[in-house]
1. Residue by residue through region 79-120, note down the ones that are out of contact with any helix residue (DSSP H, G or I) (no Cβ under 9 Å at 6 or more places or on another chain) and among the basic types (Lys, Arg).
2. Kindly list, by first and then second residue, each pair from a residue in region 40-57 that is within 17 Å of Gln92 (Cβ to Cβ) to a residue that is hydroxyl-bearing (Ser, Thr, Tyr) and buried (at least 20 other Cβ atoms within 10 Å of the Cβ), limited to pairs with Cβ atoms under 6 Å and residues at least 6 apart or on different chains.
3. Return the residues of region 95-131 that are among the small types (Gly, Ala, Ser) and surrounded by 14 or more Cβ atoms within 10 Å (Cβ to Cβ); say none if nothing qualifies.
4. For region 58-96, name all the residues that are under 16 Å from the mean Cα position of the chain (by Cα), within 20 Å of Leu27 (Cα to Cα) and aliphatic (A, V, I, L, M).
5. So Gly75 passes all but one of these: (1) under 26 Å from Thr23 (Cβ atoms); (2) at pLDDT 95 or above; (3) among the small types (Gly, Ala, Ser). Which condition number does it fail?
6. Is it true that some residue in region 83-92 is surrounded by 13 or more Cβ atoms within 10 Å (Cβ to Cβ) and either touching a residue at least 40 places away in the same chain (Cβ under 8 Å) or within 27 Å of Thr128 (Cα to Cα) (or both)?
7. Listed residues Asp123, Asp47; which is acidic (Asp, Glu) and in contact with a helix residue (DSSP H, G or I) (Cβ under 6 Å, 6 or more places away or on another chain)?
8. Test of understanding: among Leu41, Leu27, which residue is out of contact with any Phe, Trp or Tyr (no Cβ under 9 Å at 6 or more places or on another chain), among the aliphatic types (A, V, I, L, M) and more than 13 Å from Ala96 (Cβ to Cβ)?
Amino acid sequence: MYGNAYGGNPYAQNKDQMLMTLTQGELLIKLFDETVLCMNLAAKALDDKDNDMSHNMLIKLQNIFLYLTNTLEDGFEISTDLKRLYEFLGEQVLQANVRKDRKFLDEILPIVQDMRETWRQADKLSRTRVS
């Protein structure tokens, strides 16, 4: 009934359909929302000494920052600056995972939250200019 791609899960199908209708700005904001959530879950798991959960969340974070780096368009100064920033964030996440220390996450969480808000404002501004 729902097809094999979703294993009979209508919620997964609905989520995929919702994601396909989002603008690039909305997708970026959702990605940063997920990043903040994963950072908080990883920090809690590190506090709780839950190595499996912290490792999984930190690997997910590394993958997000790698994805953000790989989607940058070369040739723009902002792309170079963002690449350095995303690489720095990924390195901090790696250190948190290797050292099992949340201080590396605590140092970058405000940066990620600021970036999320910046992208939110940019998306809002772009919508008012299009209207």
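1. Arg84, Arg99 - these are the residues of region 79-120 that are out of contact with any helix residue (DSSP H, G or I) (no Cβ under 9 Å at 6 or more places or on another chain) and among the basic types (Lys, Arg).
2. Ala42/Ser54; Ala45/Ser54; Leu46/Ser54
3. Ala96
4. Passing the criteria: Leu61, Ile64, Leu66, Leu68, Leu72, Leu82, Leu85, Leu89.
5. (2)
6. Looking through region 83-92, none of the residues is surrounded by 13 or more Cβ atoms within 10 Å (Cβ to Cβ) and either touching a residue at least 40 places away in the same chain (Cβ under 8 Å) or within 27 Å of Thr128 (Cα to Cα) (or both).
7. Matching residue, one of Asp123, Asp47: Asp123.
8. Being out of contact with any Phe, Trp or Tyr (no Cβ under 9 Å at 6 or more places or on another chain), among the aliphatic types (A, V, I, L, M) and more than 13 Å from Ala96 (Cβ to Cβ) holds for just one of Leu41, Leu27, which is Leu27.
The values are calculated or read from the model by the stated rules, or taken from the named source; none is laboratory data. Please read these numbers as outputs of a predicted model, since none were measured by experiment. We place every Cβ from the backbone using ideal geometry, glycine too, and count neighbours over all the protein chains shown.
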